[in-house]
Amino acid sequence: MKITASAPGKVILFGEHSVVYGKPAIAVAVNRHVHITIQEGSDTLIHVHSPELEVSGYLELEDETVNCENKLKSGILNYILKSLKKIQDGTGSTFKKGLEITLELEIPIGAGLGSSAAVTVATLAAAFKYFNQEVDRKKLAQLAHEVELEVQGAASPIDTALSTYGGAIYLSPETGEIINLSLDWNIPLVIGHTLRESNTAQLIKTVRNKKERYPSILNPLFESMEQITLEAREALTRKDENRLGELMNINHGLLDALGVNTPVLSKMIYLARESGAKGSKITGAGGGGSIIAYCPGKEEEVLKQLKMEENAFPIQISQNGCQVKKI
């Protein structure tokens, strides 16, 4: 028996960093996925292999360790480990015969595109199916968020919700509720990303320290980001292309003021605009990672120019969340 599960990555359109301080955010699932395949192993070990990362190793659930020669790229395997451990502890299921797990990635890790959430959601869904146990999407998203909290220490429910449900969401600051946004049009986006991975936890800490030193300066920035997100929600609903692009550009300027921009990200952002993008900005924590370029009618031009500098690919909103099947 072989079980395969896939879950989409995500991009944050508006609300990076300000969401940490109770402000709203808008994010969408994208048509780039993580795939997890689980099948019975030939021994008692839980083997994991990722062809894209060139990583192979095995997991020990009892002492919760990842055994892998390539330590630099093995961090993502912790999400698989913790997901399996959570299922084992929560259901009483055991992996007596061992497993062979394959991780396939269509999105780069450490790029602010929700790779860890997608890995977690797909692993949980595949493992539940492997043990012939049912899990609804609400429970799947909840468990995945718990795993991210265990591994990272802090995590927003946005990423795991999008990997589970797909679509577009608005995180309400008043209630903390994740609200589905019904968007009946495709938002043409191009992702540009660097090979330098971002450290989300460290960047959040850096911004927090700066906020504590200059509260009278940074608090108004977060208030402005809130207003941008509220305006952007309306622009998305009305399909107002020009307004949406302008808001992205303003939002990026505020993120730059927080100190999370880099020369490489900045170069891609302005190159995208020069190539015809109506708006471009950091997506995610910054400090490396990715940018998004909103470029109706100019995807090919923007993509071509970004590829000459860094890595780039087009994306669309994925209305489908996690999918799992038995082969």
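What is the distance in Å between the Cα centres of the stretch 100-128 and the stretch 133-165?
Spelled out, the Cα-based centre of one part sits 12 Å from the other.
What fraction of the DSSP beta bridges in the chain is antiparallel, stated in percent and rounded to the nearest 5?
95 percent
Which one of ILE204, ILE269, ILE12 has the biggest mean-square fluctuation once the chain is modelled by GNM with Cα springs under 10 Å?
It is ILE204.
Treating the beta-carbon of each Lys and Arg as +1 and of each Asp and Glu as -1, no other charges, what is the dipole magnitude of the stretch 189-315 about its Cα centre, to the nearest 20 debye?
In total the dipole reaches around 300 debye.
At 7 Å along Cα-to-Cβ for each site, give me the label-to-label distance between LYS205 and TYR270 in nm.
3.2 nm
If you place +1 on the Cβ of every Lys and Arg and -1 on the Cβ of every Asp and Glu, how big does the dipole about the Cα centre of the chain come out, in debye to the nearest 20?
In total the dipole reaches around 220 debye.
Under a point spin-label approximation (7 Å from Cα along Cα-to-Cβ), what is the GLU234-GLN39 distance to one decimal in nm?
So the two model labels end up 5.5 nm from each other.
Which residue fluctuates most in the GNM of the chain (Cα springs below 10 Å): VAL147, VAL19, VAL121?
Evaluated over the chain, the most mobile residue of the options is VAL19.
Given the pairs LYS97/LYS139; LYS2/LYS325; LYS211/LYS278, which are separated by over 20 angstrom at their Cα positions?
Flagged as over cut-off: LYS97/LYS139; LYS211/LYS278.
Can you compute the modelled spin-label distance between VAL20 and ARG137, with each label point 7 Å from Cα toward Cβ, in nm?
Each label point is offset 7 Å from its Cα along the Cβ direction, giving 3.0 nm.
Among ALA312, GLY297, THR206, flag the residue with its Cα farthest along the positive direction of the charge dipole of the chain, charges on Cβ as +1 for Lys/Arg and -1 for Asp/Glu.
The Cα lying farthest towards the positive end belongs to GLY297.
Loop-only trypsin sites (Lys or Arg not before Pro) in the stretch 224-269, please: DSSP not H, G, I, E or B, and at most 13 other Cβ atoms within 10 Å.
Listed in order of number, the matching sites are LYS239.
Alpha carbons only, please: Rg and Dmax for the stretch 189-315, in angstrom.
Both quantities, over Cα of the stretch 189-315: 14.7, 43 Å.
Among ILE228, SER266, THR160, whose Cα sits farthest toward the positive end of the charge dipole of the chain (+1 at Cβ of Lys/Arg, -1 at Cβ of Asp/Glu, about the Cα centre)?
My answer, from the dipole projection, is ILE228.
Bear in mind these aren't lab numbers, they're just calculated from the coordinates by the rules spelled out. Note that the coordinates shown come from a computational prediction; the quantities given were computed from them, not determined experimentally. Because the Cβ atoms are built from the backbone with ideal geometry, glycine has one as well, and the counts that use them run over all protein chains shown.
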